[in-house]
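The values are calculated or read from the model by the stated rules, or taken from the named source; none is laboratory data. This structure is a prediction, so every number in the text was calculated from the model and none was measured. In this analysis, Cβ positions are derived from the backbone assuming ideal geometry, glycine residues included, and neighbour counts consider all displayed protein chains. Each accessible area value is taken on the protein alone, full model and side chains, heavy atoms only, with ligands, DNA and RNA left out. Shrake-Rupley method; radii C 1.70, N 1.55, O 1.52, S 1.80 Å.
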Amino acid sequence: MHCRDRYGLRLTTSDVAADSYNRGVGDLLRLRAGAVAAIASSVVHDPTFALGHAALALLGHDLCAPVDVQGRMRDAERHAARATERERSHVHAILSHLRGDSTPVVRHLATYPVDALLLSAAVPTIAFAGVTEVPQQAWNIVERAAPAYGDDWWYAGLLAFVRQEQGRFDEAMELSCRSLEVEPGAGHSAHARAHAHYETGDHLAGLTWMDAWVTGDGASIDSLSHFSWHAALHELSLGNLDAVRARYDAQLRPEHGLGCRALVDSGSLLIRWAMTPDAEDVPDLDRVAQVVGRDVLERPSTPFLAMHSAVTLLALGDGAGLERLARFAARHPHATQREVVAPLTDALRAMHAGRHARAAAALGTLSPAIARLGGSDAQREIVEEVRIAALIRAGRLDEARELLDRRLDRRTSPRDERWREDCLQPAAGRSG
């Protein structure tokens, strides 16, 4: 009898290796701790298991897991020939994605929509940066897979995330709650619900629910720092900076061993916190930089990480680091690094040099392309925050107010209201 994954797809490996792999992928789909260790166990049990090697390479590349990415890629390619056509296509899709061409992932999912690991990787969510640069393309990939999944709880959570990105918040909430009824620890579903609360300005209810979930059904989640980040965003939006400080100290300090999440969660929170009106004694970013290391800051593996690296280097006042990142991105084989990350970094270099009007103008020109960086609307919002800060420093207060008014039209935020009030003050001393 052939080994199968949780959706019935054949696995060319031993029973014990298949069990480990399925457990690891199951953990990943739940965002539960243990995915990397379980999948690594599968290739210990069967060193010729191509899908296990490919999955580890993917997790090392996209999630900064402690994996020899190049070694796992070589082993996946070496052993794929003994596998089924579907598995060969799966391995080829992952290896192509890691080499900068994600087209094979999209083609693979058109044929094998229930290949859940690749469907998860295709969509910018808490786990992966995604494989498309136009949000509508990622949405289409998920929506086309619907007939293959039926009422599956994991798929419902993934679709809920798509729905909130589309602004269909009631549907997102209904889908996420339905999924959580079946699988209370479903991380993707909880994540979609967190975004729905934030994007609708439902800060108090969102914060109450989040704090209960992460200490209850979600306690085994691997990416708890990201859920802590979501809770902190609610507190930041409410202007409760004492609560933000307490949460950062308890849950988001980079020394908690967060890996790249120290950049994406801890670092981005500190930057947004520092830009908040009346913020005082915000912890510095030096420890974040130490934890993630110069390689991630100046040679990030994905455009999504590069966005966070660029704003972190700006906040650190590291002009030399920004220059090295700009050179890295400008020469990168990936078009998004060249066409979005490089000009973004150049704009932040202008801001670092005190040319705020130039930085604000460049960020405004670049704004339509920011979605190509991956991640969620809430994560990419940090670029808009830097643009608002540049406009204020340049004395272009009408433009800053316009951006804040658009945000306040979308959702309530005492923080943004306070920021807008600051824009009404005289611009004495400001220059571009």
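Return the residues of the range 246-267 that are without any contact (Cβ under 8 Å) to a residue 24 or more places away in the chain and out of contact with any Asp or Glu (no Cβ under 8 Å at 6 or more places or on another chain); say none if nothing qualifies. Result: Ala246, Asp249, Ala250, Gly257. Within the range 214-237, the residues that satisfy the criterion of being of a type outside the set (Gly, Ala, Ser) and surrounded by fewer than 18 Cβ atoms within 10 Å (Cβ to Cβ) are Thr215, Asp217. Number of residues in the range 143-161 that are surrounded by fewer than 23 Cβ atoms within 10 Å (Cβ to Cβ) and in a helix (DSSP H, G or I) equals 7. Inclusion of Asp281 among residues that are open to solvent by 30 Å² or more (accessible area, probe 1.4 Å), part of a helix (DSSP H, G or I) and more than 12 Å from Gly267 (Cβ to Cβ) is not warranted. Considering Arg406, Arg393, the condition of being in contact with a His (Cβ under 6 Å, 6 or more places away or on another chain) and open to solvent by 30 Å² or more (accessible area, probe 1.4 Å) is satisfied by Arg393 alone. Trp419 fulfils the conditions (1) open to solvent by 50 Å² or more (accessible area, probe 1.4 Å); (2) more than 20 Å from Leu305 (Cα to Cα) except for a single criterion, (1). Pairs linking a residue in the range 268-279 that is within 24 Å of Ala306 (Cβ to Cβ) to a residue that is modelled with pLDDT under 95 and polar (S, T, N, Q), with Cβ atoms under 9 Å and 6 or more positions apart or on different chains, are Ser268/Gln379; Leu269/Ser228.
Candidates in the range 85-108 are the residues that are farther than 23 Å from Ala335 by Cα and out of contact with any His (no Cβ under 9 Å at 6 or more places or on another chain); of these, the one that is most open to solvent (accessible area, probe 1.4 Å) is Glu85.
Between Ala243, Ala192, the distinction of being part of a helix (DSSP H, G or I) and within 29 Å of Ala38 (Cα to Cα) belongs to Ala192 only. Across the range 236-273, which residue is modelled with the highest pLDDT among those that are among the β-branched types (Val, Ile, Thr) and within 19 Å of the chain's Cα centre (by Cα)? Top of the filtered list is Ile271. I need the full set of residues from the range 300-339 which are of a type outside the set (Lys, Arg), assigned to a helix (DSSP H, G or I) and open to solvent by 40 Å² or more (accessible area, probe 1.4 Å), in order please. Answer for the range 300-339, where residues must be of a type outside the set (Lys, Arg), assigned to a helix (DSSP H, G or I) and open to solvent by 40 Å² or more (accessible area, probe 1.4 Å): Ala315, Leu316, Ala320, Glu323, Phe328, Ala330, Glu339. Any residue at all in the range 214-222 that's within 19 Å of the chain's Cα centre (by Cα), of a type in the set (Val, Ile, Thr), outside any helix (DSSP H, G or I) and at pLDDT below 95? Checking the range 214-222: at least one residue is within 19 Å of the chain's Cα centre (by Cα), of a type in the set (Val, Ile, Thr), outside any helix (DSSP H, G or I) and at pLDDT below 95.
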